[in-house]
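I have placed the structure first, in the form of structure tokens, so that the comments after it can refer back to it.
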Amino acid sequence: MPASAENYFVYLPEPAKPPPWDCVAISAGRTRVPAGSRYPAQRHPMDHHFNWADGRILHSYSIIYIVEGAGVFESAASPRKLRIEAGAMILLFPEVWHRYAPDPAIGWVEHWIECRGSAFDRARKTRLINPAKPVLHAGPDPDVLIGFERCHAWARRPTPSRQAALSTMALHLLALAGRAGATRQSPPQRIDEVIQRAQMLIAERCQENLSMQKLAHELHVGYSHFRQAFRERTGTGPKQFHARARLQKAREFLANTSKSVKEIAEILGFHSAFHFSNQFKSREGVSPLLWRERLWKKPRAARGSANGIQRMG
């Protein structure tokens, strides 16, 4: 059995100086709670204890992932008691009263990480995470599980870098929580897989003059349904997604090669260099050549300064 599969927890002191990634992990752990067990265990620090009657208020954020079992959750920000099933992500927010527990007849397995920092504050302010929606149905997500397994590996490694590594992993899990919150609460449908596949194909073929009708046919879905579903899931239509992917590739060519505007236009399937320049300018606000010139202006100036210093020496 891997070490990360055992019950454990660690609590870490908050650093005197905030880290540059605006997040600091202060605890992490994994617990299997057998049916009929007392919850939570009394081994945790006093400020993390609670009983069901009183609940608890923390001064930090937590992401909890339930991988087995079931239970219930309540908070001052959510309107009712929520049923917790395997695959649920529970979000705890600073200064928000809450309580949760596994079903005594079933128990559960929980992974968690606790954090403070402005990265989580911004996520809350922009409603990437929302106290009114504290339970997200991530399902059996391998990305989330792998993320927590990496957290456990770092948390149990007594090295000076473990808190920094845990903190950046917390940001990774925050992004996955945002993804879970953005998806519908119903089980994935075939069209979800179709749209994911379409995004990959469009990115791979961004240099082609793609027909979205033909792409829908290739993916065995009607075009009207495809277009509507694509917009619902990505926030943009498939043609606009293709245009953005092609311009992103154009930026990469401009930044990392010496190819001319005409060559880039031909490679990426634009009708002409003029058409490419117009599309690029409408998106970036400047012509491709001016965008490249501005991009490389600072690196050239820096190299010139370095050379000047060397000559003076």
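The values are calculated or read from the model by the stated rules, or taken from the named source; none is laboratory data. None of these values were measured; they are calculated from a predicted model. Virtual Cβ from ideal backbone geometry, glycine too; neighbours counted across all protein chains shown.
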Notebook entry, point to check: Restricting attention to the stretch 250-260, does a residue exist that is over 30 Å from Gln199 (Cβ atoms), at pLDDT 85 or above and acidic (Asp, Glu)?
Noted result: no
Note to self: Tally up the residues in the stretch 6-52 that are of a type in the set (A, V, I, L, M, F, W, C), under 21 Å from Leu91 (Cα atoms) and at pLDDT 85 or above, please.
What the structure shows: 10
Margin query: Suppose the filter is within 17 Å of Arg30 (Cβ to Cβ) and of a type in the set (D, E, K, R); does Arg150 pass it?
Written below: yes
Check: Identify, please: which residue in the stretch 63-80 is farther than 13 Å from Trp97 by Cα and small (Gly, Ala, Ser) and is, among those, surrounded by the fewest Cβ atoms within 10 Å (Cβ to Cβ)?
Finding: Ala70
Checklist line | Filter result for Arg157 (assigned by TED's automatic domain parsing to the domain that holds Val33 and part of a loop (DSSP other than H, G, I, E, B)) | finding: yes
Check: Does Leu210 satisfy being more than 30 Å from Pro20 (Cα to Cα), more than 15 Å from the chain's Cα centre (by Cα) and outside any helix (DSSP H, G or I)?
Finding: yes
Next item on the list: Being outside any helix (DSSP H, G or I) and in contact with a helix residue (DSSP H, G or I) (Cβ under 6 Å, 6 or more places away or on another chain) is the filter here, so list the residues in the stretch 213-242 that pass it.
Entry: Leu219, Val221, Gly237
